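Asks: Sharing a structure here in structure tokens format.
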Amino acid sequence: MRKERGRRPKKKVCGFCVDKVDYVDFKEASRLKRYVTDRGKILPRRISGNCAKHQRQMTVAIKRARQMALLPFSIE
């Protein structure tokens with residue numbers, strides 16, 4: 001009996017690279033909301049599909065947006 005090999009899912013493309021974003025701005029709360037779970041946690045890179053550079057910038061931007069009360073820290 002042969003072991004079936006699972007299909008590898010298609011690699012996600014960085015949304016910031018597609019839009020040619022140089023700097024992820026914390027003031028764009030609507031864009032950053034896509035990368036936060038319903039519980040308020042930041043999505044990891046393997047799920048969001050961002051490149052390493054934009055994932056780091058996005059994490060800092062989300063943390064700054066939380067401090068400025070543009071995004072919630074958590075949802076109760």
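Asks: Nothing charged except the Cβ atoms of Lys and Arg (+1) and of Asp and Glu (-1): what's the magnitude of the dipole of the chain about its Cα centre? Round to the nearest 20 debye. Could the numbers behind the result be given before it?
Replies: Working: 22 positive and 7 negative charges, 139 e Å.
Rounded to the nearest 20 debye, it is 660 debye.
Asks: Which angle from 0 to 90°, rounded to the nearest 10, does the C-alpha axis of helix 52-67 make with the longest principal axis of the chain?
Replies: With both axes taken from Cα atoms, the answer is about 40 degrees.
Asks: Computed from these coordinates, which is Rg and Dmax of the Cα atoms in Å: [x] 21.2, 68; [y] 18.2, 60; [z] 15.5, 59?
Replies: Evaluating Rg and Dmax of the Cα atoms in Å on these atoms matches [z].
Asks: Additional query: Of Val24, Ile42, Met58, whose Cα points farthest to the positive end of the dipole of region 15-67 (charges on the beta-carbon: +1 Lys, Arg; -1 Asp, Glu; origin at the Cα centre)?
Replies: It is Ile42, whose Cα lies furthest towards the positive end.
No lab work stands behind these numbers, since they all come straight from the coordinates. These numbers were taken from a predicted model, which means no experiment stands behind them. Note that we place each Cβ from the backbone using ideal geometry, even for glycine, and neighbour counts take in every protein chain shown.
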